[in-house]
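The values are calculated or read from the model by the stated rules, or taken from the named source; none is laboratory data. These figures come from a predicted structure and were not determined experimentally. A quick note on method: Cβ atoms are made from the backbone with ideal geometry, for glycine too, and the neighbour counts reach across all protein chains shown.
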Amino acid sequence: MTLANQLTMLRFAMALAMFAALMQPRASAHAAAFLLFLGAMITDWVDGYVARLTHSVSAFGKVADPIADKILVIGALIGLSRAHLGVPLWAVFLIIARELLMGGVRVLTITEQGRILAAQRWGKLSMGVQSAAVLGMLAVLVARERLQAPALLLRVPYALTVLCVFTAWGSAYMYIRQSRQMIEKSWG
C-alpha cells in the first residue's frame, strides 16, 4: 500500500475517532474532535500531494479518498447537530442525499465508461469549503464551551451549514451536467 493510501486509511480512523469524540458530552472531547478534524484535513492535503509527487495515484485512492472525506464531513455534521449548535438536520440530509447521488454517478461511470470518476475541480472546491466550514463550526462549539461566546458567533454554524449544502449541490450539478450524455445513455 502506498504512503498516500496509508494516509487515506489514517483519515478514515481519524474520522471515526472524531465522530466518537463529538458524541461525548465533555468539552475536552469536543476539543479533541476539533484537533482530529484538523489533522484529518491536513492528511487529506498531504495524501494528494504525496500521490502526485510520487506518481502513485491509484484506483484505490480515487475511490477511498472521497469516501474518507465524506465520512469525515458527514460524521462531523451529525455530531454537531447533536450538540445543539444550530446545524439543521434537513441540511445534513441534503448533503447525504447528494453523496448517494454522486455515488450512483460514479458507479455509472465505471459501468458505462470503464473508468473511475476522479475528483474534479468543483468537487475539490466543494470539499475544501465544507472542510473549512465544519472546522469553523467545531471552533464555535469549542468556543461556546470554553469561553463566553457572543450570540452572533452562535449563529455562524447555521450559515456555514447552508453554505455546505449549496457548494455540495453546486458541484453535483457540475458533475451531472458533464455526465449528462452518459447518464441518458444508461437509461436506455
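Data overview
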quantity: Residues that are under 21 Å from ASP47 (Cβ atoms), surrounded by 15 or more Cβ atoms within 10 Å (Cβ to Cβ) and among the β-branched types (Val, Ile, Thr), drawn from the stretch 106-132; calculated: VAL129
quantity: Near pairs, Cβ below 6 angstrom, 6+ apart or cross-chain, from the stretch 1-24 (surrounded by fewer than 20 Cβ atoms within 10 Å (Cβ to Cβ)) to any residue that is assigned to a helix (DSSP H, G or I); calculated: LEU3/VAL50; ASN5/PHE60; ASN5/GLY61; LEU10/THR43; PHE12/ALA68; ALA17/LEU36; PHE19/GLY75; PHE19/GLY79
quantity: Selection count, the stretch 133-171, where residues are in contact with a Gly (Cβ under 8 Å, 6 or more places away or on another chain) and either farther than 23 Å from ALA27 by Cα or surrounded by 14 or more Cβ atoms within 10 Å (Cβ to Cβ) (or both); calculated: 7
quantity: VAL134 closer than 29 Å to ILE183 by Cβ and either under 12 Å from the mean Cα position of the chain (by Cα) or free of Cβ contacts under 8 Å to residues at least 24 places away in the same chain (or both); calculated: no
quantity: Residue in the stretch 45-60 that is exposed (fewer than 15 other Cβ atoms within 10 Å of the Cβ), within 16 Å of the chain's Cα centre (by Cα) and in a helix (DSSP H, G or I) present; calculated: yes
quantity: Number of the condition not met by PRO88 [criteria: (1) more than 26 Å from VAL142 (Cβ to Cβ); (2) in contact with a Phe, Trp or Tyr (Cβ under 9 Å, 6 or more places away or on another chain)]; calculated: (1)
quantity: Residues satisfying the stated conditions in the stretch 3-44, i.e. in contact with a helix residue (DSSP H, G or I) (Cβ under 7 Å, 6 or more places away or on another chain) and not in a helix (DSSP H, G or I); calculated: MET23
quantity: Residue in the stretch 56-70 that is free of Cβ contacts under 8 Å to residues at least 60 places away in the same chain and closer than 28 Å to GLU145 by Cα present; calculated: yes
quantity: Qualifying residues in the stretch 68-105 (those that are among the β-branched types (Val, Ile, Thr), buried (at least 16 other Cβ atoms within 10 Å of the Cβ) and part of a helix (DSSP H, G or I)) - the one modelled with the lowest pLDDT; calculated: VAL105
